[in-house]
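Some notes on the structure that comes next.
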């Protein structure tokens, strides 16, 4: 995992999978970020399980309450699909960009 800042963005590059064993570590890293936009460079994320989906939704909602946002950049289609399934695409608190 690599972390850097670019203006008002905190950017975290995540590789591999987000699953039960890694979710807590990622959540702690996200909670330590202070940028207005928290961006996960997601092109290397191959798989996300339910605990990872739930954690990212929880973190996105926490950031929204603080007038901040969680964005997944360049996420693979299957990862986006899993994230949107939890609450439906319209209610998903996570932003996506290419």
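The values are calculated or read from the model by the stated rules, or taken from the named source; none is laboratory data. Every value quoted in this text rests on a predicted model; they were computed, and no experiment measured them. Because the Cβ atoms are built from the backbone with ideal geometry, glycine has one as well, and the counts that use them run over all protein chains shown.
How many residues does region 30-73 hold that are part of a helix (DSSP H, G or I) and surrounded by fewer than 17 Cβ atoms within 10 Å (Cβ to Cβ)? So the answer is 9.
Looking across region 4-25, the residues that are surrounded by 13 or more Cβ atoms within 10 Å (Cβ to Cβ) and within 19 Å of residue 97 (Cβ to Cβ) come down to 9, 10, 11, 12, 13, 14, 18. The set of residues in region 74-87 being more than 15 Å from residue 11 (Cβ to Cβ), at pLDDT 95 or above and surrounded by fewer than 21 Cβ atoms within 10 Å (Cβ to Cβ) consists of 76, 77, 78, 80, 81, 82, 84, 85. Within region 15-32, residues that are in contact (Cβ under 8 Å) with a residue 40 or more places away in the chain have Cβ atoms under 7 Å from residues that are surrounded by 12 or more Cβ atoms within 10 Å (Cβ to Cβ) and not in a strand (DSSP E or B) in these pairs: 30/59, counting only partners at least 6 apart in sequence or on another chain.
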